[in-house]
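Okay, so here's the structure we're looking at.
The values are calculated or read from the model by the stated rules, or taken from the named source; none is laboratory data. Worth saying up front: this structure is predicted, and the values here are computed from it rather than measured. Note that each Cβ is placed from the backbone with ideal geometry, even for glycine, and that neighbours are counted across all protein chains shown.
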Amino acid sequence: MFAGPAVRKVRREAGMTQAAMAEALAISPSYLNLIEHGQRPLSATVIVRLAERFGFDAARLRAEELPGGLAGLRRRLADPRFADLGIGAQEVEEWAQGSPATAAAFARLFDAAPDARGAGEGDAPEVAAVRRAIEKWRNHFADLDARAEELADELRLAGGDLYGTISERLRTRHQLGIRILPSDVMPDRLRWLDWHARQLMLNELLRPASRTFQAAATLAQTEAKAEIDALVAGAEFAEVAAARMFERHLIHYFAAALMMPYGRFLRACDATGYDLLLLQRRFGAGYEQVAHRLTTLQRVGARGLPFFMLRIDRAGQGSKRYAGASQSPLVDGDARCPLWGLHEAFARPGEVIADLVELEDGSRWFTQSRSVAAPGASGSGTPARFAVCVGVDAKVAAPLIAARGLDLMRSPATPVGLGCRRCTRTGCVQRSMPPLGRPLRFREGERGVSAFDFSGD
């Protein structure tokens, strides 16, 4: 749980320095400082001590948290519509520290507003609410990971074939059998759990990794129900649809954690240099499953690299966006820069497209993209395909096998923006719209390389 402003408020109400409060919580002052600035999460132990020693309600921590932390607030205020205000980094930090509730209110309004992130429309309210809930946890749910790891060890002792051991556990412990049905019997379903018939029915079009994932998801519904229900209840969604979407996310999270247990997966990442294709084969998972799993490796004391993940369709629309601990602005909105190698993945199926990109603020990101087919896609009609991208800050990308031999901070990088409406780069031949907040210029007798000429300040 990231709740720096709320912890800072507790300390100030108690009239304590950071050193005094750190001593009361039995942690170091430097660790408390990182917590207050949204750079470290609160562990369960620290939350308990806050409750015991300061009479603080843990639910209040969740309620007052700034979505995305300080980095998320900076990212929103970097929108071109605010460019003329000259808002500096220090001013943003002072606002977040001094008035966290109003900063959080602004973040929520910004996220929900039309054209909030350069797109024509913002997320649907239910989707936005679920994204905020996932963002609060940095897409790492420690209780689910611990339970999945424990269960994975049990299944590993029972045999080497994970799908077989899950099937046997469902049969013996939950009296659920698995049937593989023809696609014409289940034309619009991948999985159907019939509790009355005590059967889990899977579409024959599912690949082996997807069959294992769906069987693991069913196990999540039975053996991780208490943990999942607690997380959904704690999110306190206003809409039932949002609660159900969040529940589905947690079920899938558990399924992936069962297939790729935290400790073993992180060790494999370190040993292979985060080789996505090798990790996919080693854990019998799909490429997208591995990509999503990389965004969840934020266990206290055993962290992986802070990856983000993005999935787009052929039209560039994002259907999955997980910032994880990266806080990358590349996952925001529905608009993508056409210069980004992510789009090349559709033209080069099966190939991992590595790209070093640089945003207008000078930040660099190392990304890897690959096209994938939709689970259960058949050969009839237009095949459903997506491009899945994972990325990490170039400053920490050196351990990646795909980045070896590159000078990540000096090598030429692809200059990209956050969609034309948010990008203020001049002279771009790919520009399809002028940026927000910049007046257009027209010069008689001239035609530049870009269809839009605008003021640079």
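The conditions are (1) of a type outside the set (Asp, Glu); (2) surrounded by 15 or more Cβ atoms within 10 Å (Cβ to Cβ); (3) out of contact with any Phe, Trp or Tyr (no Cβ under 6 Å at 6 or more places or on another chain); (4) modelled with pLDDT of 95 or more, and Ala142 fails exactly one of them. Which is it?
Against the list (1) of a type outside the set (Asp, Glu); (2) surrounded by 15 or more Cβ atoms within 10 Å (Cβ to Cβ); (3) out of contact with any Phe, Trp or Tyr (no Cβ under 6 Å at 6 or more places or on another chain); (4) modelled with pLDDT of 95 or more, Ala142 comes up short only on (4).
Could you pull out the residue among Arg385, Arg321 that is closer than 19 Å to Gly417 by Cα and either in contact with a helix residue (DSSP H, G or I) (Cβ under 9 Å, 6 or more places away or on another chain) or basic (Lys, Arg) (or both)?
Result: Arg321 is the single residue among Arg385, Arg321 that is closer than 19 Å to Gly417 by Cα and either in contact with a helix residue (DSSP H, G or I) (Cβ under 9 Å, 6 or more places away or on another chain) or basic (Lys, Arg) (or both).
Can you tell me which residues in region 249-282 are among the small types (Gly, Ala, Ser) and either on the phi > 0 side of the Ramachandran plot or exposed (fewer than 15 other Cβ atoms within 10 Å of the Cβ) (or both)?
Those that are among the small types (Gly, Ala, Ser) and either on the phi > 0 side of the Ramachandran plot or exposed (fewer than 15 other Cβ atoms within 10 Å of the Cβ) (or both): Gly263, Ala271, Gly273.
Residues Gly86, Gly15, Gly69, Gly38: which one is at positive phi, at pLDDT 85 or above and not assigned by TED's automatic domain parsing to the domain that holds Ser326?
Gly15
Collect the residues in region 272-301 that are free of Cβ contacts under 8 Å to residues at least 60 places away in the same chain and within 18 Å of the chain's Cα centre (by Cα), keeping them in residue-number order.
Within region 272-301, Val290, His292, Arg293 qualify.
Does Ala226 satisfy being outside any strand (DSSP E or B) and touching a residue at least 24 places away in the same chain (Cβ under 8 Å)?
no
In region 181-230, what count of residues is obtained for those that are within 26 Å of Pro261 (Cα to Cα) and out of contact with any Gly (no Cβ under 8 Å at 6 or more places or on another chain)?
The total comes to 23.
So, in region 150-177, exactly how many residues are surrounded by 19 or more Cβ atoms within 10 Å (Cβ to Cβ) and either small (Gly, Ala, Ser) or not in a helix (DSSP H, G or I) (or both)?
The number of residues fulfilling the criteria is 3.
Is region 435-446 home to any residue that is part of a loop (DSSP other than H, G, I, E, B), on the phi < 0 side of the Ramachandran plot and under 31 Å from the mean Cα position of the chain (by Cα)?
Yes, that holds for at least one residue.
Answer with yes or no whether Phe283 is touching a Phe, Trp or Tyr at 6+ places or on another chain (Cβ under 9 Å) and under 30 Å from Ala129 (Cα atoms).
No, not satisfied.
Go through region 178-203 and give me each residue that's of a type in the set (A, V, I, L, M, F, W, C) and not in a strand (DSSP E or B).
Hits for region 178-203 are Val185, Met186, Leu190, Trp195, Ala197.
Give the number of residues within region 204-223 that are out of contact with any Lys or Arg (no Cβ under 9 Å at 6 or more places or on another chain), part of a loop (DSSP other than H, G, I, E, B) and not charged (D, E, K, R).
Counting residues in region 204-223 that are out of contact with any Lys or Arg (no Cβ under 9 Å at 6 or more places or on another chain), part of a loop (DSSP other than H, G, I, E, B) and not charged (D, E, K, R) gives 1.
If we scan region 178-188, do we find a residue that is among the basic types (Lys, Arg), over 18 Å from Ala220 (Cα atoms) and within 30 Å of the chain's Cα centre (by Cα)?
The answer is no; no qualifying residue exists.
Based on what the data block shows, is Pro399 free of Cβ contacts under 8 Å to residues at least 60 places away in the same chain and either part of a loop (DSSP other than H, G, I, E, B) or more than 29 Å from Gln298 (Cα to Cα) (or both)?
No, not satisfied.
I'm told Ser411 meets every condition in (1) in the same structural domain as Leu339 (by TED's automatic domain parsing); (2) surrounded by 15 or more Cβ atoms within 10 Å (Cβ to Cβ) except one. Can you identify the failing condition by its number?
(2)
If you go through region 340-358 one residue at a time, do you hit one that is closer than 17 Å to Arg131 by Cβ and either touching a Pro at 6+ places or on another chain (Cβ under 6 Å) or surrounded by fewer than 17 Cβ atoms within 10 Å (Cβ to Cβ) (or both)?
No, that holds for no residue.
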